[in-house]
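To keep things clear, I will list the structure first and then write my remarks on it.
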Amino acid sequence: MNLPLRFCMIGAGNVATHLAPALLQNGLTPLAVYSRSLCHARELADRLGGVQAADQLAELPRADLYVCSVRDDALPQLAVQMKALGFPSDALYVHTAGCVSLAVLGEHFRRAAVLYPLQTFSKEVSVCWREVPLFVEATDAETRQVVQQLAEQLSDTVQPLSGRAREALHVAAVFACNFPNHCYALAYSLLQEAGVAPACLNPLIRQTARKLETVTPQQGQTGPAVRGDRQVMQRHFEALATHKDWQHIYRVMSQSIAAMAHKPLYHFDMINYDLKKIRALAFDVDGVLSTNCVLLMPGAEGGPLRTAHIKDGYAMQLAVKCGLQLAIITGGRSEAVRTRYEALGVQSVYMGAAVKLRVLREWMQREQLQADEVLYMGDDIPDYEVMQAVGCPCCPADAAEEIKAVACYVSPRAGGEGCVRDVLEQVLRAQGRWMANAEAFGW
């Protein structure tokens, strides 16, 4: 089968702006450019020698090849419209998307293919197509051969790739390109705020990329997270106090780096609140102090059995010794729960709390507490109103999504697996009371 000679470019975005001239330089004849913005279509059409520009699909002439380089979410409707308009059945239809199935075109046109360039494109930055890896897929072997030959005219690296593998490649490209570029943007903004020229980072960025030529990313990883340098990370986190969303990015990235290095950051202080204010903490039981599962085999008083985390218990008794007010607010009625937490020194244990908000307010009034002095940790819908009534709402990692949405901190620990120890340790550290005296070394 002969290679297509005449093509129409459907789209005038970044990829189309680079691909259309490359096709022209490799012997194909452009006939027209389509874009919903006639201005954009004309801009690319002029670069191709003044070919036809159109903002209506019906205006496009008959061609051997139609290259669909539009937004991913626009491709399905585009294919339907082209079919309805009677585009030629013997033409070759190609899209350039990394995360869109071949079937989007293949279910409408017999000769359909994907030509995915693994590269970042900006209109104002030139690209060497010989160095751009191209990945191809087609509806049949004959069409794949044509697209393969077309791709080889553009690039030195051409490889067949199935849709599922191409989707994985596209996700990997986001991690390798889009996310780091966003991190560069954040880094530039931080330096601009500090009055430092952002360009001083450029040698560091170049060297980081060059290291990939000799070592793997894991081998080349440096920084406080891979070292487990908690004090440095805490100072960084505090320096980002005016950028809460950047704090979140810093936390997630640091935790991921540490986990890949098998040095999980279980106690990286990240509650987005002034913990020096906290005078009192209240906790739910099931799903917070205990796991989300209960044993239906009855306990001594006839109720279901619950678990208790030993490290939670240590932190709770230490917090009481340090002068913090602790409360338990639960809808359950297990006397074993009361016995456990009163033995740790918890001053207020409220059982059978059908409406927790009412109980919380009574407790706060009795202890003369202001909302901004209280941390509450809950995990499910009965805790929702209480979470909104305190200054520092927190929840475990496996809390309901509605609870996570109103929490200022989501612990990396699940309910009953140390989430209470997590928040208590952070509060005590912030107040200078963690391992501060001999009381810390006993029960």
The range 313-323 - phi-based ³J(HN,Hα) in whole Hz, Karplus 6.51/-1.76/1.60, Gly and Pro as x = x, 4, 5, 5, 5, 5, 4, 5, 4, 7, x
Evaluate the distance, in nm, between pseudo-label points positioned 7 Å from the Cα of Val174 and of Ala336 along their respective Cα→Cβ axes.
-> 4.5
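At 222 nm, what helix-only mean residue ellipticity would the chain give, in deg cm²/dmol to the nearest 500, using -39500 (n - 2.57) for each DSSP H run of four or more? Don't skip to the end; give the middle numbers.
Working: 18 runs with 176 residues, N = 443.
About -11500 deg cm²/dmol.
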Förster-model FRET efficiency, 56 Å R0, Lys404 and Arg36, C-beta, rounded to 0.05 = 0.90
Of Lys211/Lys244; Lys277/Lys321; Lys356/Lys404, which sit over 25 Å apart, Cα to Cα?
-> Lys211/Lys244
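Starting from the Cα gyration tensor of the range 1-102, take the square roots of the eigenvalues, sort them a ≥ b ≥ c, and report rounded, prolate or oblate (rounded when a/c is under 1.5, otherwise prolate if a/b is larger than b/c, else oblate). Present the calculation step by step, with values, prior to reporting the outcome.
On the way: a/c = 1.27, a/b = 1.12, b/c = 1.14.
Note, shape of the range 1-102 comes out rounded.
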Using all C-alpha to C-alpha distances in the range 170-260, build P(r) with 10 Å bins and read off the rounded percent in each one.
-> 14, 43, 39, 5
Applying the Karplus parametrisation 6.51 cos²θ - 1.76 cosθ + 1.60 with θ = phi - 60° to the phi angles of the range 229-246, what ³J(HN,Hα) value in whole Hz is obtained for each residue in order, glycine and proline being reported as x?
-> 7, 5, 5, 5, 4, 5, 5, 4, 4, 5, 5, 9, 4, 8, 10, 4, 5, 5
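Determine, for each peptide in 412-419, 91-98, the mean count of other beta carbons within 10 angstrom over its residues, then list the peptides with the highest first.
Details: 412-419: 22.2, 91-98: 24.2.
Result, highest mean Cβ count within 10 Å first: 91-98, 412-419.
Just subtract the alpha-carbon distance of Gln218 and Ala343 from 0.36 nm times their residue separation and send over the number in nm, one decimal.
Details: separation 125, 0.36 × 125 = 45.00 nm, distance 4.72 nm.
Roughly 40.3 nm would be gained on extension.
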Virtual spin-label span in nm between Ala354 and Leu3, 7 Å along Cα→Cβ = 8.0
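How long is the gain from Asp245 to Asp372 if the chain were fully straight, where each residue apart is worth 0.36 nm and the alpha carbon distance is subtracted? Working shown, then result.
Numbers: separation 127, 0.36 × 127 = 45.72 nm, distance 2.15 nm.
Working it through step by step, the gained length comes to 43.6 nm.
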What share of Cα pairs, in percent, lie more than 35 angstrom apart in the chain?
-> 52
Amide H proximity to Val349 below 5 Å, modelled H, separation 5+ or other chain, gives Ile328
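Which order do peptides 375-385, 167-177 fall in by mean Cβ count within 10 Å, highest first? Numbers along the way, then the final one.
On the way: 375-385: 23.0, 167-177: 14.1.
The packing order, highest mean first, is 375-385, 167-177.
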Among Pro180, Pro61, Pro393, which one shows the biggest mean-square fluctuation in a GNM of the chain, springs joining Cα atoms closer than 10 Å?
-> Pro61
Förster-model FRET efficiency, 60 Å R0, Gln81 and Leu275, C-beta, rounded to 0.05 = 0.55
Report ³J(HN,Hα) in whole Hz for each residue of the range 136-145, in order, from the Karplus equation J = 6.51 cos²θ - 1.76 cosθ + 1.60 where θ = phi - 60°; Gly and Pro get x.
-> 10, 8, 8, 6, 7, 4, 5, 5, 4, 4
Rounded if a/c is under 1.5, else prolate if a/b is larger than b/c, else oblate: which is the range 317-413, with a ≥ b ≥ c the root eigenvalues of its Cα gyration tensor?
-> rounded
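Where a ≥ b ≥ c are the square roots of the eigenvalues of the C-alpha gyration tensor, would you call the range 275-441 rounded, which needs a/c under 1.5, or, failing that, prolate if a/b is larger than b/c, or oblate?
Values: a/c = 1.39, a/b = 1.18, b/c = 1.18.
Taking the square roots of the gyration eigenvalues as a ≥ b ≥ c, the range 275-441 is rounded.
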Nearest 10 degrees, 0 to 90: what angle lies between the long axis of helix 179-194 and the longest principal axis of the chain (Cα atoms)?
-> 60
Placing each pseudo-label 7 Å from Cα in the direction of the beta carbon, Asp55 and Asp72 end up separated by a distance in nanometres of 2.8
Mind checking the full-extension length gain between Glu142 and Asp156? Use 0.36 nm per residue of separation minus the Cα-Cα distance, one decimal, nm.
-> 2.9 nm
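Each reported figure results from applying straightforward, stated rules to the coordinates on display, with no laboratory input. Small disclaimer: the values here were computed from a predicted structure and weren't measured. No Cβ is skipped: glycine too gets one built from the backbone with ideal geometry, and neighbour counts run over all protein chains shown.
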